[in-house]
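Single-structure report; data block below.
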Amino acid sequence: MTPPPYVIAVDTDATSLRDADHLLRELAVGFTEEDGVFGCTHLVREGGRRRVALSLAAEDRAAVDAARQRLTAQGHTVTDGAWDDQGRAVLYPGAAALTGTLTVAEVLDRSAIERVRVLGAPGEPDPETRLVTREFVRPHWENGELTLAAMPAAGGTLVPFEDPDPTPCCADH
């Protein structure tokens, strides 16, 4: 699967992925599951200004054009195209179905995710390997494929690499 053809980039003042995730969900109001929407975050650094920008993409040009008009009316800076081709997907077809513990095969079957890559392991994981989703599955676009980075966990399971509740740096100081 390649990213949908109609893409807009939304500049933001968000400085954390958590804030950008929330903003992306707010901005995607009006899209439906049938629109095949992909909403991604992108780490951007321009002129010393760091932020998390967003992109929204869909198969339906009218849906993207409507979102552009709505976002522009709300005061957001919107341009054509994505910030880069490495977006971190927050919204994508099937994302809502990735809850609980699923096999790798179920993750691939239920969602737009095309590949699961286990960090530090050669090759693909066995399709029957269980993945504990933690209700937080954030794949990235890698070479035109929506790919979930996972890591080994207790009991021979996998978990998505990105933790839903990361410990802030230097939290114990």
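The values are calculated or read from the model by the stated rules, or taken from the named source; none is laboratory data. All values derive from a computational prediction rather than experimental measurement. Note that we place each Cβ from the backbone using ideal geometry, even for glycine, and neighbour counts take in every protein chain shown.
Structure data summary
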read-out	value
Filter result for ARG49 (modelled with pLDDT under 85, more than 29 Å from ARG134 (Cα to Cα), surrounded by fewer than 21 Cβ atoms within 10 Å (Cβ to Cβ) and not assigned by TED's automatic domain parsing to the domain that holds ASN143)	yes
Options ALA89, ALA112, ALA62; residue that is out of contact with any Ser or Thr (no Cβ under 8 Å at 6 or more places or on another chain) and within 19 Å of ASP163 (Cβ to Cβ)	ALA89
All positions within segment 2-28 that are outside any strand (DSSP E or B) and in contact with a Gly (Cβ under 8 Å, 6 or more places away or on another chain)	THR2, PRO3, PRO4, LEU24, ARG25, LEU27, ALA28
Evaluation of TRP141 against (1) in the same structural domain as LEU27 (by TED's automatic domain parsing); (2) under 30 Å from ARG45 (Cβ atoms) (one fails), failing number	(1)
Qualifying position, being among the small types (Gly, Ala, Ser), touching a Leu at 6+ places or on another chain (Cβ under 7 Å) and touching a residue at least 12 places away in the same chain (Cβ under 8 Å), among ALA20, ALA53	ALA20
Segment 25-40 - residue that is of a type outside the set (Gly, Ala, Ser) and within 16 Å of ALA112 (Cβ to Cβ) and, of those, modelled with the lowest pLDDT	GLU33
Filter result (outside any strand (DSSP E or B) and either farther than 18 Å from VAL137 by Cα or hydroxyl-bearing (Ser, Thr, Tyr) (or both)) within segment 29-51	GLY30, THR32, GLU34, ASP35, GLY47, GLY48
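The rows are residues; the columns are (1) under 15 Å from THR12 (Cα atoms); (2) touching a residue at least 24 places away in the same chain (Cβ under 8 Å).
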| position | (1), (2) |
| --- | --- |
| ASP35 | no, yes |
| VAL64 | no, yes |
| ALA73 | yes, no |
| TRP83 | yes, yes |
| GLU128 | no, yes |
| VAL132 | no, yes |
